[in-house]
Amino acid sequence: MDDAVPILLVVVVIPLWIIFHYVTKWKTMKGLTAEDEESFNDLRRASDRLEDRLRSMERILDNEVPDWRSRHDT
């Protein structure tokens, strides 16, 4: 019976402790930090600005060189 406690500790308790420890770590790391969210928002704003610029350039090209799309589409 004295040998059962260390075996139970090694076989059951320690693996469960490790699993619960890492599950808790993963849950805390799951979300974005405030810095990550701000970086993401900055990138999204930059992407929106670039998309607006591209649309403006396409409108200008449509007015100045009407067949530019057919010449450059591949």
>> Anything in segment 53-68 that is open to solvent by less than 90 Å² (accessible area, probe 1.4 Å) and charged (D, E, K, R)? List them, or say none.
In response: Glu58, Asp62, Asp67
> Only one of these conditions is not met by Ile18: (1) over 20 Å from the mean Cα position of the chain (by Cα); (2) open to solvent by 80 Å² or more (accessible area, probe 1.4 Å); (3) modelled with pLDDT of 85 or more; (4) farther than 30 Å from Arg69 by Cβ. Which number is it?
Replying inline: (2)
> Based on what the data block shows, is Thr28 among the hydroxyl-bearing types (Ser, Thr, Tyr), within 17 Å of the chain's Cα centre (by Cα) and open to solvent by 100 Å² or more (accessible area, probe 1.4 Å)?
Replying inline: yes
>> For segment 18-67, which positions are polar (S, T, N, Q) and not in a helix (DSSP H, G or I)?
In response: Thr33
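The values are calculated or read from the model by the stated rules, or taken from the named source; none is laboratory data. Fair warning: this is a prediction, and the values are worked out from it, not measured in the lab. As a convention, Cβ positions derive from the backbone with ideal geometry for all residues, glycine included, and neighbour counts pool all protein chains shown. The accessibility values were calculated without ligands, DNA or RNA, using every heavy atom of the protein model including side chains. Shrake-Rupley method; radii C 1.70, N 1.55, O 1.52, S 1.80 Å.
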